[in-house]
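Notes to accompany the following structure.
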Amino acid sequence: MSQPIVRQALYLEVADRLRGMIHARALSNGEWIDELRLAGELGISRTPLREALKVLATEGLVRLEPRRGCFVNELSAKDLEDIFPLMAMLEGRCAYEAARKATDEQLAALEPLHAALAGHAKAGRIDAYYQTNYLIHEAVQALAGNQWLTDMVGNLRKVLSLSRHRSLSRPGRIHASCAEHLAIFAALKAHDSDAAQALAHTHLMRQLDALRVLANEDAAGPVLSDPIVIEEPAHAHTRQSRARARRTHA
């Protein structure tokens with residue numbers, strides 16, 4: 001007897017939609033979530049929306065504040081410094097295990113993704129690059145074949161999605177990131193687990209370096225131009241001088 005098809009609970013579908021909106025920046029970091037407006041846009045009641053927001057809160061994508069409502073989360077500089085080294089270690093381990101376990105046929109299946117990544121980098125398509133980059137990371141994670149590792153990386157990746165996209169906005173970073181990915185892929189195809197691990201670790205830490213630079217640039221603020229000095233015409237100076245002279249003699 002066949003098993004009945006069980007439809008996914010509505011709030012889980014809503015959670016998927018909200019994740020996509022956060023990743024696409026349709027809901028910006030730090031933004032207050034207008035539940036009434038959002039429920040209307042999605043064509044649902046507020047009950048499944050609130051249940052979905054609770055799911056995203058457990059993932060670290062939003063935060064619920066008493067008497068204030070729900071906000072898209074923001075990662076502080078300390079959060080990034082705490083999370084990225086962990087993510088680098090875990091993703092390095094993913095690459096290590098993938099290099100040991102993956103077959104040549106499985107790795108060959110990743111060729112189109114890396115070709116697409118290079119094309120997006122060359123054209124400067126940051127959004128498309130990020131999506132392809134995300135798929136490559138997930139593919140390597142799957143090839144590692146370690147469910148415990150998958151769970152830990154998956155949870156951290158959701159949180160880091162709040163800021164990883166931003167590192168690509170730094171001039172030259174998208175091209176450097178692509179070169180790093182291609183080097184990791186070469187190590188995977190050579191089944192060089194140690195090299196794959198080291199390169200993946202470096203790749204993640206260079207993302208953190210780019211975010212540090214961007215944070216410092218934001219803190220410095222815009223460079224102020226020299227003050228504009230408006231010089232009065234020469235004849236105006238002459239009239240003022242004569243007026244001061246008359247007052248002095250008086």
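What the table below lists for this structure:
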{"item": "Boolean, R67 is farther than 30 Å from L208 by Cβ, of a type outside the set (A, V, I, L, M, F, W, C) and in a loop (DSSP other than H, G, I, E, B)", "result": "yes"}
{"item": "Considering residues of segment 156-184 that are over 16 Å from the mean Cα position of the chain (by Cα) and of a type outside the set (A, V, I, L, M, F, W, C) only, the residue most open to solvent (accessible area, probe 1.4 Å)", "result": "H175"}
{"item": "A108 vs. criteria in contact with a Leu (Cβ under 7 Å, 6 or more places away or on another chain) and either open to solvent by 20 Å² or more (accessible area, probe 1.4 Å) or at positive phi (or both)", "result": "no"}
{"item": "Neighbours by Cβ (under 6 Å, 6+ apart or cross-chain): first from segment 165-192, in contact (Cβ under 8 Å) with a residue 24 or more places away in the chain; second among the basic types (K, R)", "result": "S167/R173"}
{"item": "Only one of A234, A210, A142, A215 that is modelled with pLDDT under 90, within 30 Å of R63 (Cα to Cα) and among the small types (G, A, S)", "result": "A215"}
{"item": "Output for segment 71-85, where each listed residue is outside any helix (DSSP H, G or I) and surrounded by fewer than 15 Cβ atoms within 10 Å (Cβ to Cβ)", "result": "E74, S76"}
{"item": "Whichever residue in segment 70-105 is within 17 Å of the chain's Cα centre (by Cα) and of a type in the set (S, T, N, Q) and, among such residues, is modelled with the lowest pLDDT", "result": "S76"}
{"item": "Scope segment 129-155; condition open to solvent by 40 Å² or more (accessible area, probe 1.4 Å) and touching a residue at least 60 places away in the same chain (Cβ under 8 Å); matching residues", "result": "M152, N155"}
{"item": "Some residue of segment 191-199 being assigned to a loop (DSSP other than H, G, I, E, B), surrounded by 15 or more Cβ atoms within 10 Å (Cβ to Cβ) and over 16 Å from the mean Cα position of the chain (by Cα)", "result": "yes"}
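Rundown of residues vs (1) closer than 30 Å to S193 by Cα; (2) surrounded by fewer than 17 Cβ atoms within 10 Å (Cβ to Cβ), yes/no style:
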{"site": "G20", "(1), (2)": "no, yes"}
{"site": "A24", "(1), (2)": "no, yes"}
{"site": "E31", "(1), (2)": "no, yes"}
{"site": "I44", "(1), (2)": "no, no"}
{"site": "E51", "(1), (2)": "no, yes"}
{"site": "L61", "(1), (2)": "no, no"}
{"site": "G69", "(1), (2)": "no, yes"}
{"site": "M87", "(1), (2)": "yes, no"}
{"site": "G92", "(1), (2)": "yes, no"}
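The values are calculated or read from the model by the stated rules, or taken from the named source; none is laboratory data. Computed from a predicted structure; not experimentally measured. Cβ: placed from backbone, ideal geometry, glycine included. Neighbour counts: every protein chain shown. Keep in mind that these areas ignore ligands, DNA and RNA; they rest on the heavy atoms of the full protein, side chains included. Shrake-Rupley method; radii C 1.70, N 1.55, O 1.52, S 1.80 Å.
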